[in-house]
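These notes are about the structure you will find just below.
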Amino acid sequence: LSPGAEQIERRLDTVRSVCHLAQKRLIACLQGQHGTDPDKRHKKLPLTALAQNMQEGCIQLSDETLLGKMLDTCGDAENKLAMELSQHEVQIEREVIDPLCLLTETEIPNIQKQRKQLAKLVLDWDSARGRYNQAHKTSGTNFQVHPSKIESLKEEMDEAGNKVEQCKDQLAADMYSFVSKEGEYARCFVTLLEAQADYHRKALAVIEKVLPEIQAHQDKWTEKPAFGTPLEEHLKRSGREIAVPIEACVMMLLETGMREEGLFRIAAGASKLKKLKAALDCSTSQLDEFYSDPHAVAGALKSYLRELPEPLMTYSLYEEWTQAANIQDQDKKLQELWRICNRLPEHYRVNFRYLIKFLAKLAQNSDVNKMTPSNIAIVLGPNLLWAKNEGSLAEMAAATSVHVVAVIEPIIQHADWFFPGDEDFNVSGAFVAVPAVNSNHLSHTGNDYECGTLERKRPLSMTVMEGDLLKKESFGVKVLEFPATPRRCGTVNRKLTSPAFQPPLPPCEPAAEQPCPPAGAEPGPGAAPAPSAAPAEQPHGPGAED
């Protein structure tokens, strides 16, 4: 062979080995049965079996359930993907695997067979030439050799030589043809990638078409977990103003927990709490059994607040809350807290107001449940505000608890001053309605502000009032509840059930002789300053002089 043909011959074995291995691995990647038509291949694909299983599951679950709808939609999509896959694999077999098979199983072996045939012909030619040379050499000394025999051997030698040349020419032609077709063989791998790209584009189109439909099923489903979900997301997808766990827990506690000693302080059983949280995540209609365990309900409320990704009082206002907690002047402190409350995002402010109104109502029964505003702030405050990044959990709790108690306690004490008006706790109407009452006897029940100023005046201190009224009670004066209806200054109707720390109404100017504003009214921006308040009128009777 010529040097060029010999170089081609050395590459044949390597090319055949590499292409055969690629073909073998490619066949292993196919999910369908090799060599079958698209329909048969489609029936045998794992994706087809998956699609059938999903559609059967949909029939068992009913397409009215979320899982049923998902299985039906996904099953249809998987079936379409299986069809695309079967067509893709048929194309790969036809345009990639079959040409590689032809190269490795036919063309290269044919060249190698011709090379072996050439070697055999060369041996035959050498043998014929040897016999001819031997006969020609002996004819000069042995006159018995017939000349015709020598001619026959010469013809045999020439014929063998012609066969060698013909085989060599054919072999060289096949080798050069193999080299010229290398581009076609290489094209198989380009076709492979093009076919894969086309398949993935079609599969992506199937998925993108079905994704909006399946996402719509997901978005329409209302029973979604609330614990650990951002507040805005939960409210948006449930169409509510108050988060489900907050309203449900508050309504249950209003029914059975307001006189429970140590509420929010005494821990509930872990299994009971876990069950209640799961029920709240599922639906508010499965809560009847939990009315008898207010500590589990309180624990679930604390857990929900703590598991919010962002605290109810928000990370963005954390620094402002802590700075306000350090203000020593009580008037300025309350003014700053009121300003920060109004800076809360709408969803957070509405839920914060709802919760504070409930906590203020809970504190009305502190003589029974022992949960004063201070105690409530201590046990519940760290679940309302914490730092975003502040070292270890213990460090964060220590740094936050002092500030948050100093913030939450006055807000609970003066809830009606921070959030004027009564609160309808049964916002969704899904619970048994609780009669609406003035929710905070700790806070100001009238308009404790002066005309002509935009600044809100601080309500009367709880500490001073509590001590003063308790002192009066010790002398036989009954401490009673102020009615929430508008009335003139100086007239106090008291009942035995009033807590001892109710702030009095601010008296009006004697010259103006105007009635005091109703309890919980919001101070107007045009209010004018009033002189210092005179002492509230004391009830007359046998015990008053004492």
Item to complete: Quick one: which residues, 5+ away or cross-chain, put their amide H under 5 Å from the amide H of residue 421? H built at 1.01 Å from N.
Response: none
Worksheet item: Just for the Cα atoms in the range 231-418, what are the lengths along the principal axes, largest first, rounded to whole Å?
Response: 47, 40, 33
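Please list, by residue number, every one of the GluC sites (Glu not before Pro) in the range 187-292 that is coil in DSSP and has at most 14 other beta-carbon atoms within 10 Å. Display every interim value, and only then the final one.
Details: sites: 194, 208, 213, 223, 232, 233, 241, 247, 255, 260, 261, 289; in loops: 223, 241, 260, 261.
Listed in order of number, the matching sites are 223, 241, 261.
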Worksheet item: Which residues' amide hydrogens lie under 5 Å from the amide hydrogen of residue 227, considering only partners 5 or more residues apart or on another chain, with H built in the peptide plane?
Response: none
Response to the item:
For the pair residue 17 and residue 346, the simple spin-label estimate (label points 7 Å beyond Cα toward Cβ) gives in nm 7.4
Fill in: Using θ = phi - 60° and Karplus 6.51 cos²θ - 1.76 cosθ + 1.60, couplings along the range 46-61 (whole Hz; Gly, Pro as x)
x, 5, 5, 5, 5, 4, 5, 5, 5, 5, 5, x, 4, 5, 5, 8
Fill in: Probe 1.4 Å, all protein chains present, accessible-area order of 281, 288, 331, largest first
288, 331, 281
Item to complete: Step through the residues of the range 296-304 one at a time and calculate ³J(HN,Hα) from phi using the Karplus curve (6.51 cos²θ - 1.76 cosθ + 1.60, θ = phi - 60°), rounding each to whole Hz and writing x for Gly and Pro.
Response: 5, 5, 4, x, 5, 5, 4, 5, 4
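Remind me, relative contact order of the range 231-418 in percent, using alpha carbon pairs under 8 angstrom and six or more residues apart? Write out the running numbers ahead of the final one.
On the way: 216 pairs, mean separation 49.8, N = 188.
Worked out over the range 231-418, it gives 26 percent.
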Practice prompt. Take the Cβ-Cβ distance between residue 367 and residue 64 as r, set R0 to 60 Å, and report the resulting FRET efficiency rounded to the nearest 0.05.
Written response: 0.70
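Rolling a 1.4 angstrom probe over the protein heavy atoms, how many square angstrom per residue are accessible across the range 231-418?
Numbers: 7530 Å² over 188 residues.
Normalised by residue count, the accessible surface of the range 231-418 is 40 Å².
What does the highest-first list of 298-304, 412-418 look like by mean Cβ count within 10 Å?
Numbers: 298-304: 24.1, 412-418: 27.7.
Most protected by this proxy first, the peptides run 412-418, 298-304.
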Worksheet item: Which whole-Hz couplings ³J(HN,Hα) result when phi for each residue of the range 320-333 is put into the Karplus expression 6.51 cos²θ - 1.76 cosθ + 1.60, θ = phi - 60°, listed in order with x for Gly and Pro?
Response: 5, 4, 5, 5, 5, 5, 8, 6, 7, 5, 5, 4, 5, 5
Worksheet item: Under the Kirkwood approximation applied to all pairs of distinct alpha-carbon atoms, what is the hydrodynamic radius of the range 3-220 in Å?
Response: 22.9
Worksheet item: Could you state the principal axis extents of the C-alpha atoms in the range 82-205, from the largest down, to the nearest angstrom?
Response: 93, 22, 14
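In whole percent, how big is the carbon plus sulfur part of the accessible area of the range 3-220, probe 1.4 Å, protein atoms only?
Details: 7460 of 13770 Å².
Carbon and sulfur together cover 54 percent of it.
With every protein chain kept in place and ligands, DNA and RNA left out, what is the accessible area per residue of the range 3-220? Probe 1.4 Å, answer in Å². Spell out each step's value before the answer.
Details: 13770 Å² over 218 residues.
With the other protein chains kept in place, the range 3-220 gives 63 Å² per residue.
The values are calculated or read from the model by the stated rules, or taken from the named source; none is laboratory data. The shown structure was predicted, so the numbers you read here are calculated from the model rather than taken from an experiment. Every residue, glycine as well, gets a Cβ built from its backbone with ideal geometry; the counts of neighbours run over all protein chains shown. For the accessible areas, the whole protein counts, side chains as well, though only heavy atoms, and no ligand, DNA or RNA atoms are used. Shrake-Rupley method; radii C 1.70, N 1.55, O 1.52, S 1.80 Å.
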